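To start, the structure under review is shown below, and the notes come after it.
Read the figures in this text as sums done on the coordinates, not as results from a lab. The model shown is predicted, which means the values in this text are computed figures rather than measured ones. Here the Cβ positions follow ideal geometry from the backbone for every residue, glycine too, while neighbour counts run over all protein chains shown.
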Amino acid sequence: MPMTRREFMAASVGSLVVTSAPGMLAETSNTPKPWYSIMRRCGQINFNETDPLTMDPNAWMDYWASLKVDAVLLNGGGIVAFYPTEVRYQHRSEFLGSRDLFGEMVAAARKRDIRVVARMDCNYAYQEALDAHPEWFECNRDGSVRRAAECPWLFKTCMFSTYFTEQMPAIYREINQRYAPDGFFTNGWPGTGALEICYCPTCRKIYQDQIGGVPPESTDAQSPVYRKYYAVYMERIAEIWKSWNEIAREKNRDSVYVGNLGGALRTVKDVKRLGEVAAWFNADHQGRSENTPIWSCAEQGRVAQSVMDGRTITNVIGAYSDSQPVWRHSSKPAAEATLWMAQVVASGMVPWYHWLGGSPQDNRWREPGRLFFDWLAQNEPHFRNRRSLSKIAVLYPQSTIAFYRSEGKHDRRLNNMVIDPVEYIEGLYYALLEGRFLFDFIHQENLTPERLRPYDVLLLPNAAYLRDSECQAIREYVASGGSIFASFETSRYDEWGTEREDFGLADLFGVHVAGDVIGPFQNSYIHMDRPHPILEGFGETRILPGPEFRVSVGHIEPGTLDLSVIPYYPVFPPEMVYPRKPRTQEPAAVFRELGNSRVVYLPGDVCRTAWRSGSPDLIQLISNSVEWLMRQNAAPVKVTGKGLMEIFAWETEPGFALHILNYTNPNATRPFIREFYPIGPLRVQFAPPAGKKVSRVRTLRAGRDLPFEQRERGVQIEVPAVRDYEVIAFT
Ligand SMILES: [Zn+2]
C-alpha cells in the first residue's frame, strides 16, 4: 500500500510544530484580539450629497441594530464632508446646513453599541482644490488634468502626490479629534486592478529619479520600465497604507485603516503584498453581471484567504442591482442577495451589507439582509473558523492572470484568438464543483513547505508565469510526497512572461517543449491508448474531445502512452471530416507515479476548453485526475446526491462546519437567481480530523438535529433537503 502524504510526512519528520498554516488564525496568547478580528457582521449606508436634508439617524440605526451588526460604515469625508469640516479644500456637503450628519449618525450608532468606521474617498476633489494645489492631481500625457467620467467637475487625485501624505492625513486627524472612530476605510483605493499611469510633474520626476526614462505608454509586462514601475507603485501603496493605519491609531489605539481591494479572480496589483500590509482585507465584490457565475463570490473568498492566513476579510454585498446596466437604487432579487451572502460566510469572510442613499424609494432590500444576518447572529459560534479541512490546494496564478500574453494591449491574444486568462482557472473550478471536492487557493508567492503541508494535492491551472523559486518549491513539494496536476503552459515562463527554454517543471511533467503553442483547433481529438483509472467511466468510446490549443511536446517512450493526440482534421464539408492519422506518439496527457507522489500533466488547454465548451468529457477528465491524485477515500468529506453545489468545511470554535451552497439553478451563470430549486436528499460522509468524536449533528438553516451513524470512515448522515444553503454543524 502506498503511504498517503500525511503518513509520509508523519513518518519522515516526526512531531512537527506548525506555527502558521493557511486558513489558521494567528493566535498569540497574551495580546487581546483587535475588535475587527472578531467582528461577524457589518453594514453600510452610503450617503449622497443631499442626504443631510432628510436623513434620520435613529431610523437608520434601528435598521442596522435589527441586523445585529458589529460595525457600520458611514461617510465621513474626502470628496464630500458630511460634518462641519475646517480642513481647507475639503468640500462640505452643500446641503449640510447646520447639521453634523456624520456626528449624529456616530452618536446614534454608539447608543446601540455599534462601532463606526469612517468611510472616506481619496480619489477626487473639487476645482477649488485644483486651483490651490494643482500638484495634487493626475495628468494625461498632454498635461490636461483628469476628470471623473460622469462628474467632470471632480478631478482625479494622484496617489504619489501630497494629497495622500498631507491632505488626507489632515482630514483623518480632524475626524479622529472630533469622533475617534473605530476605523477608516477608503472607497475605491487602492483596488486590485490595473495600474494607472499618471503624467503629472511628480510622477514624471519619480520616473526620472527612480525608474529612469519617462512614463510608459502601456502596461506591458515585457517592458523592464513597466516592471520597475510596478515595484515603485506597490511600494507606494504599502507606504501609504501603513502611514494611514498609524494615523488611524493616533487617537484610538484600537482603530484601523482598511483599503478597498476585491477583483475576485482578476487581480493585477500584487495581492500577496497587499495582504502583508492589510490588518483587514476588504473585498469589494458586490455582485455579478453578464456571464459571471454565481460562485464568483466564493472565488473572491478563496483569493482573499490565499493571502490573509485567517485574518479578517470582509466582502461588500450590493443590496442594489449591480448588474449590467447598474441600478444603484433598485433592490437586487432577494434570492441572489441571499446566495451572495451565503458564499461570503461559507468561504470564511464577514458580510458587509451595502445600500446607497439615505431615503430609499425601493425598500425590498431590507428584509433579505435582516433575515440572513439575524440567522447568522443566532448561529455565530459556528462561523468562527479555526482552519480549513481541505487537502487540495489550487495554485492562485496571479502573474498569469495579471500578465499572460498581455503584451501591453488590452486584448490578450493567443495565435490571434482573443482569450481571457481567468478561463483556465474557471474550468478547473467548475470541474472541482462537479466533483464535490474541498479545496483552498494558495497564492503562488506563498508556496512554502509550511503552507503546503496540509495539502495532499496541488493543482496548477495553466500557471504559465512562475518564478524559478516557485518552480523549486513545487519540486520540493513533490519530493516530500505531494501530488500535482498541471495543464498547458504551466511554468513555461518566468513571472513576467520571459520564455524559458523548456517547462520550468519539465522534470516533473516527464515531457519537454517541442514547439510553440498550436491552435485554435476545432475538431481535434484525444485517443485513449490503454486503460487507466483516470479513464474509467467514459463508456463506449475510444476518443475524447481535444482541447482548443496545446503545447507541442516531445514523444515519450513507446508503450507508455495513456492518451495521445489525434491531429485536427476539417469540420466542413462533411465529405472531408475524417482523421488523416488515427493516433500519434504525441502525448495528450502524462500520468506519472514518482515515489509516493503522483503527477498529471495535460499539454492542452483542457481547463479553458472545458469552461468554454462545457464538455462533460473534459470536465470528467479533470475531475477523474483529481480523484486519482487524492487516492481512494482520502477526502475528509463526501457528498452524494443530485445537484450542482459548492462545499466548504472548517474546523470551528465549537467543532466542525460543513457548508453546502446550492447552485442548481437556471440562473447560475447569469444574473439573477430569483428562486431556489431545492436539492436532496444528500448523503454526507464526514471524517473528523484525528478521529475526533461527534456527539451532535445539526443543520443550521433548517434548524434541526439530524440522526447520524459513526463508522470507521466517519460520520454518516442524510440531509433531507437544501433550499439555498445549509450549514451542518458537527459538535
Ligand atoms: Zn501623478
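Structural remarks
- Tilt relative to the chain, helix 616-630 - C-alpha long axis, 0 to 90 degrees, to 10: 90
- Diffusion coefficient, µm² s⁻¹, Stokes-Einstein with Kirkwood Rh over alpha-carbon pairs of the range 489-644 at 10 °C and 1.306 mPa s: 94
- The chain, dipole about Cα centre (Lys/Arg Cβ +1, Asp/Glu Cβ -1), debye to the nearest 20: 1520
- Calculated diffusion of the range 637-730, Stokes-Einstein form, Kirkwood radius summed over Cα pairs, 20 °C and 1.002 mPa s, µm²/s: 155
- For the range 345-435, the convex hull spanned by the alpha carbon atoms encloses 218 Å³ per residue.
- Net length gained if the chain between ALA231 and THR664 were fully extended (0.36 nm per residue, minus Cα distance): 151.5 nm
- Counting charges near THR157 (Lys, Arg +1; Asp, Glu -1) among other residues having Cβ under 10 Å from its Cβ returns a value of 0.
- Within the shell defined by Cβ-Cβ distances under 13 Å, the residues around PRO567 carry a net charge of +3, with Lys and Arg each +1 and Asp and Glu each -1.
- Total formal charge among the other residues, if their Cβ is under 11 angstrom from that of PHE521, Lys/Arg +1 and Asp/Glu -1: -1
- Computed [θ] at 222 nm, deg cm²/dmol, the chain (DSSP H ≥ 4; -39,500 (n - 2.57); rounded to nearest 500): -7500 deg cm²/dmol
- FRET efficiency for ALA690 and GLU246, using Cβ-Cβ distance with R0 set to 51 Å, rounded to 0.05: 0.75
- At most 16 other Cβ within 10 Å, DSSP loop - chymotrypsin sites (Phe, Trp or Tyr not before Pro), the range 637-693: PHE676
- Trypsin sites (Lys or Arg not before Pro) within the range 612-651: DSSP coil, no more than 11 neighbouring Cβ in 10 Å: LYS642
- Fully extending the segment from VAL418 to THR54, taken as 0.36 nm per residue of separation minus the present Cα-Cα distance, adds 126.1 nm.
- Size descriptor for the chain, Kirkwood hydrodynamic radius: 27.3 Å (Cα pairs only, one decimal).
- Sites SER613 and TRP35 - FRET efficiency at Förster radius 51 Å, r taken between beta-carbons, to 0.05: 0.60
- Spatial offset of the range 63-102 relative to the range 589-641 amounts to 52 Å, using the alpha carbon center of each.
- Scattering from the range 452-501 was approximated by placing one identical point on each alpha carbon and applying the Debye formula without solvent; log10 I(q)/I(0) at 0.16, 0.22 1/Å stands at -0.44, -0.77.
- Selection of GluC sites (Glu not before Pro), the range 486-559, meeting DSSP coil and at most 10 other Cβ within 10 Å: GLU501, GLU540
- Whole-Å distance, taken between Cα centres, linking the range 164-234 and the range 490-541: 41
- Estimated inter-spin distance, TYR569 and ASP507, nm [label 7 Å along Cα→Cβ]: 4.1
- Derived from the Cα gyration tensor, the three semi-axes of the equivalent ellipsoid of the range 390-630 are 27, 21, 17 Å, largest first.
- Note on the range 35-378: the C-alpha convex hull projects to 16.9 nm² when averaged across all orientations.
- Unit Cα scatterers, Debye sum, the range 107-256: log10 I(q)/I(0) for q = 0.12, 0.13, 0.18 Å⁻¹: -0.58, -0.67, -1.11
- FRET efficiency estimate (nearest 0.05) - Cβ-Cβ, ARG711 to LYS409, R0 56 angstrom: 0.45
- Distance-filtered residues of the range 38-71 - backbone nitrogen under 17 Å, label point 7 angstrom along VAL326 Cα→Cβ: 44-49
- Computed lengthening from GLU166 to SER98, 0.36 nm per intervening residue step minus Cα-Cα distance: 21.7 nm
- On Cα atoms only, tilt of 334-346 relative to the major axis of the chain in degrees: 70
- Packing rank of 283-294, 425-436, where each peptide gets the mean count of other beta carbons within 10 Å, highest leading: 425-436, 283-294
- Whole-angstrom gap from the range 271-321 to the range 651-702, using each part's C-alpha centre: 21
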